[in-house]
């Protein structure tokens, strides 16, 4: 072993880490859309992906899915899953609207209550997963339908709450200190979840549980309460996403956030968190969210896509391809040296059979 | 002996990253011999076996099977060449029946062809009878004991006509009687001209069974010899490069007051009933018994993994409720489990992270991780327990079995426990590390810990314990004074009167 090998390997390993590769992809993606998706219109005004307004739009639109992805990261690190966050976003948006509009509560009180209700709804998942030891996939598939169904029932599928005060809409539609207001809230939650996962004993236990639930139990870690914690947190963050959603669109409706959970899971997995638990990072999730958001918005700015009028469809297609590439890419990197070795190895006689 | 060996290995070398696991190993296996492979943990035995079974590719060297050089060996090619390996922990499908498991070996099947289950079932039954195993081919593998599962593996290997059978510590978790049965099977195989590579840390077993011995040390073979020409002392010297006296460290001082007492505790789920025992500070209470006698189950009850449903547990004379491992840890009870890969450590996590896992509250007030504190603690334990690893950041899974055990032990020593339960602490651990672990255990007892030592290694229980509890069928058959005779212990374990035990 040459001593010089070691740092070189470390350096290479760092550059080839999943998050780093994702960062290169993100930069490449952004540059591509910057050059291909920006143009000057007849009046000489720059339009498309390259404008600051557009960039803020990307940010604004990724906050809700980003929050759900943040909520899901600890859950998936423990080896679980929460399919109900998108439905819960919708339910919380409706409840928030109802509390403000029908019950006549002030906005801050309604928002506070909504956060509590969201956390309690997460608690339902927590109880079913930890106390009854049911598989999270099935539990949250159930609450996925339940929460959406409740939202539909409350509004009878027809009511939407609108006419929110301007002070509230500021949260979703205006800028504060140069950035879209909700981006600050998103950054705050991202920082909190990052600290939780990477800098506390909670995050450490999530990883241990994800790798080996029995091993964690034998170490005396409070497995049940840690698991309960991640589902409660997911509920709370989903409620926050519901409020921000309402503020951005200026209305609360029962189908808010439909399908968001799948985008969020995609972002988390794209960010390098293993669906089997244990491995994962919050910064990876953030990069995953950004990669999907840039792709989706960038495509809408490409002239060729605008002609086809199929930005959503193409975005879905490419997101899926990106995810599969990310999943197989890791395997491919491990395969390459093996292939090289087996090709280079001398084989004077084939193994007899 | 035939002129052409069944398996011939010349100058085999293999590195993992920067670490050289094998640096020129020569090995030769003849037809109809039992060839013991000896070496400390990390000497390269596992790597050698993994190369022969095709799991790893060598960097250099030559492998010849029946005189023909083979290269690019992969698991399926190894199987076709008649190489079979019986692992310490059998790799069977737990939800399938014994017959189905053996059947899958005999006939891997084809997607579009029907499986002749009836015929396979008959063949499986025949094979089990042939190796003298009294196992119902219809029973589910999940329901079998570890030794029974090993017999199923052997039956499968025999059925596929394996010419080279590798046994990796097959008797590590077997009772005396099961060991004899397995030895008989090995001798049968030998008579049929099969070459057997036999890995074991039990020297008496090697002297009873092997024809020749090859000792590995630090990835090199230190030579092969006929068993008749070697003494136990010589073997140990070759293994460790120095002579290690197998002397158990004596107790330093008389035990203090009773720390842990169980009052007729039982647990229906664990099959433990009516166990009353007391452990004093500074005392090592050995726990002997056959596999399945309920020793691990008793430990799990005390540690709160399967809480007691009758009786009471007292710490310092005060009754305590232990409903979970967390309760037990809070009361200063530590449990180093038997299955270190599944329970003892989290393989994917770093050595340091594993070592601090049970002391999160103590080490990290306010739940904030403190890297410097963690590294210091880990480095101290790595030094004190002589853990061989690339550093505190190395994943626990990259360590050898004995070193994983030390990590598991360090995790619990970090809790500064009052009661330490050790479940088979030296199983699969080489002789050098074993003596070291014995010294550590005695030192801990000397510091006032109450130690409950569960072991299937009878000399270890006899040599280490101040008193010896013997379990049988889920209850405590009796407690014998330290230094008791092996026969007395076995008699209690088997449920015989002292006269009947021989």
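Every number in this text was worked out from the coordinates using simple rules, so none of it is lab data. In this text, all values refer to a predicted model and were calculated from it rather than measured experimentally. Cβ atoms come from the backbone with ideal geometry, glycine included; neighbour counts cover every protein chain shown.
Observations, loosely collected:
- Max mean-square fluctuation residue, GNM over chain A, Cα-Cα springs under 10 Å, options A:27, A:117, A:237: A:27
- With the simple spin-label model, which puts each label point 7 Å out from Cα in the Cβ direction, the residue B:376 to residue B:87 separation comes to 4.1 nm.
- Normalised by the number of residues in the stretch B:258-494, the average gap of Cα pairs under 8 Å and 6 or more apart makes the relative contact order 29 percent.
- Distance (nanometres) between label positions extended 7 Å along Cα→Cβ at residue B:191 and residue B:234: 2.9
- Anisotropy class of the stretch B:306-366 from Cα gyration tensor, a/c 1.5 cut: oblate
- Highest mean packing first, where packing is the average number of other Cβ atoms within 10 Å per residue, the peptides A:130-143, A:212-225 line up as A:212-225, A:130-143.
- Rounded if a/c under 1.5, otherwise prolate or oblate - the stretch A:17-81, Cα gyration tensor axes: oblate
- Relative contact order [Cα under 8 Å, 6+ residues apart], the stretch B:204-303, whole percent: 16
- The Cα atoms of the stretch B:117-158 cover 26, 18, 16 Å along the three principal axes, with the biggest extent listed first.
- Across the protein assembly as shown, Cα-Cα pairs more than 37 Å apart make up 56 percent of the total.
- For chain A, the 222 nm mean residue ellipticity estimated from helices alone, with every DSSP H stretch of n ≥ 4 adding -39500 (n - 2.57) and the total spread over all residues, rounds to -24500 deg cm²/dmol.
- Convex hull of the stretch B:258-494 built on C-alpha atoms - directionally averaged projected area, nm²: 12.1
- C-alpha long axis of helix A:18-36 to longest principal axis of chain A, angle in °: 60
- The stretch B:145-220 shape via C-alpha gyration tensor axes, a/c threshold 1.5: oblate
- Other protein chain Cβ atoms within 10 Å, averaged over every residue that makes up A:216-228: 6
- Rounded tilt (10° steps) of A:282-301 against the dominant C-alpha axis of chain A: 70
- Percent breakdown of C-alpha pair distances by 10 Å bin, ordered from the shortest bin, for the stretch A:224-331: 13, 35, 36, 15, 2, 0
- Altogether, the Stokes-Einstein calculation at 4 °C and 1.567 mPa s, with the Kirkwood radius of the stretch A:58-259 over Cα pairs as Rh, returns a diffusion coefficient of 76 µm²/s.
- Note on chain A: GNM, Cα springs under 10 Å; of A:122, A:210, A:37, the largest mean-square fluctuation is that of A:37.
- Of every Cα-Cα pair in chain B, the percent that sits beyond 30 Å: 52
- A quarter of the convex hull surface defined by the alpha-carbon atoms of the stretch A:155-212 gives 7.5 nm² as the mean projection.
- Using alpha-carbon coordinates, inclination of helix A:107-130 to the longest axis of chain A, degrees: 40
- Rg(Cα) / (2.2 N^0.38 Å) computed for the stretch A:103-156, rounded to two decimals: 1.36
- Taking the inverse of the mean reciprocal distance over all distinct Cα pairs, the Kirkwood hydrodynamic radius of chain A comes to 22.0 Å.
- Length available on full extension from residue B:202 to residue B:361: 0.36 nm per residue minus the Cα-Cα distance, which gives 53.2 nm.
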